[in-house]
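The values are calculated or read from the model by the stated rules, or taken from the named source; none is laboratory data. If you're wondering where the values come from, they're calculated on a predicted model, not measured in any experiment. Please note: Cβ atoms are built from the backbone with ideal geometry, for glycine as well, and neighbour counts cover all protein chains shown.
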Amino acid sequence: MDSMVTCIAPVNIAVIKYWGKRDEKLILPLNDSVSGTLSTDQMHAKTTVMRCKDFTEDKIWLNGKEVSFSNPRLLSCMKEIRRLSRESGTSEDIVNTKVHICSENNFPTAAGLASSAAGYACLVFALKELFGVKQDITRVARLGSGSACRSIYGGFVRWHKGDLADGSDSIATQIAPPSHWPLHVFILVVNDKQKKIGSTPGMQRTALTSELVQYRIKESVPKRIEDIIQAVKERNFDKFAEITMKDSNQFHAVCLDTYPPNIYMNDISHEITSFVHTYNELFPKPKVAYTFDAGPNACIYLEEESVPDFAATLQYIFPPEETLESYFKGESVQFGTVNEGLRTYPQQSPGLLKYIIHTKIGDGPKRLDSSEDHLLTLSGVPV
Ligand code: DP6
């Protein structure tokens, strides 16, 4: 064994969505996007990378199973890391050594959460450490999955679409660290069995067929990006909430404008939307914001002070099938009081939500130093 590195990396949830590419191979987006990085305490990808002169080929295991290394996105990340490593002055011997990679998520892929973003961010971050890369690696993570470039930083992050054809200016930068505004997040995992079209083919279809997406990228997004960055800097929650919800709605409108349409939200998602608006109307300014990715699950952003009463009202309107303890996962929740204004709101039948993950804005990827954390043995096979 020459060297072994293990890292964890976070999930991120966009508040201004990335949807549509101008270059499929380099994964260059049509518009800038902004996201919040979620704490690795609740959800993360974990990856061990190892280089050894005795290895004869690059190998990868995902969630315990060996898979082919011939995935073009994986190959393009590896190639770019080796190129940057050479540029950083790492010796040719090391650059050309074969690697073994073992990666897993601590959250169910079936929950429809952005597992590829955390996975590629983790892989690229770990490889950077292994090969002594000194340059920006958000560009490399982007080659694995567009949204992965935003998981390289904690807090609030912007992915600049860039203008250059080679993608060298399509990078992610941090807007603010987690300590600036540690918003809380509830992920409402919705019961749903329907198979949805994946992000990659879904956005391809949008770029080819939607007229609305043109309006979105030219008119809506540039202004929203500036406004939401200002809202984050000022910790202006009501402004942040309004932009977040409007952008999620427009993203799904663009999906419906795609031909044939990409339908991601279901009846339960629409119930959540209407519940959130009713809840917000009880206050002078919005208290919670929903956003939906390419699936039916809702991600709710809220300030810490809003957590107890919102959690109590949420479980009252969307009751669990079983116990309250197993309904809320992640960070513990102190339940407040059910808002009186919602006592007359129709209570939903139990079990529409599978469970709720309580988390918050957190840090970017980190290296784990203890040898017990490694997912590979010293001979380079999964533990
Ligand atoms: C709806 O990053 O998964 O979550 O670049 O093709 O791998 P590829 O797509 P991906 O798309 C994410 C889309 C989204 C919005 C977002 O995260 O900005």
- Taking the residues in segment 1-31 that are of a type in the set (Asp, Glu) and within 17 Å of Val140 (Cα to Cα) as candidates, determine which candidate is farthest from the ligand (Cβ to nearest atom). Asp23
- Taking segment 332-354 as the region of interest, how many residues are among the aromatic types (Phe, Trp, Tyr) and more than 31 Å from the chain's Cα centre (by Cα)? 1
- Task: Answer yes or no: is there a residue in segment 279-302 that is among the aliphatic types (A, V, I, L, M), assigned to a helix (DSSP H, G or I) and within 16 Å of the ligand (Cβ to nearest atom).
- Result: no
- Which one of these is assigned to a loop (DSSP other than H, G, I, E, B) and buried (at least 23 other Cβ atoms within 10 Å of the Cβ): Thr56, Thr40? Thr40
- Item | Pairs where the first residue, in segment 137-151, is more than 15 Å from Pro365 (Cα to Cα) and the second is among the polar types (S, T, N, Q) and at pLDDT below 95, C-beta under 8 Å, 6+ apart | Gly144/Ser116; Ser145/Ser116
- Sort through Thr90, Thr48, Thr40, Thr56 and tell me the only one that's among the polar types (S, T, N, Q), under 30 Å from Tyr290 (Cα atoms) and more than 16 Å from the ligand (Cβ to nearest atom). Thr40
- Would you mind telling me which numbered condition in (1) part of a strand (DSSP E or B); (2) closer than 23 Å to Gln135 by Cβ Ile13 fails? (2)
- Give Ala118, Ala110 a once-over and let me know the one that is modelled with pLDDT under 95, hydrophobic (A, V, I, L, M, F, W, C) and assigned to a helix (DSSP H, G or I). Ala110
- For Lys134, are the conditions met, namely being over 29 Å from Val307 (Cβ atoms) and in contact with a Pro (Cβ under 6 Å, 6 or more places away or on another chain)? no
- Message: Of all residues being part of a helix (DSSP H, G or I) and out of contact with any helix residue (DSSP H, G or I) (no Cβ under 8 Å at 6 or more places or on another chain) in segment 123-141, which is farthest from Ile171 (Cα to Cα)? Just the residue, please.
- Response: Leu130
- Message: Anything in segment 56-102 that is among the small types (Gly, Ala, Ser) and farther than 20 Å from Met4 by Cβ? List them, or say none.
- Response: Ser68, Ser70, Ser76, Gly89
- Please tell me if Leu123 is buried (at least 18 other Cβ atoms within 10 Å of the Cβ), within 14 Å of the ligand (Cβ to nearest atom) and at pLDDT 95 or above. yes
- Assuming Glu322 fulfils every condition listed in (1) in a helix (DSSP H, G or I); (2) free of Cβ contacts under 8 Å to residues at least 24 places away in the same chain apart from one, which condition is it? (1)
- Counted residues in segment 35-56 being among the charged types (D, E, K, R), under 15 Å from the mean Cα position of the chain (by Cα) and closer than 26 Å to Met78 by Cα come to 1
- Take Leu62 and decide whether it is of a type in the set (A, V, I, L, M), surrounded by fewer than 21 Cβ atoms within 10 Å (Cβ to Cβ) and within 12 Å of the ligand (Cβ to nearest atom). no
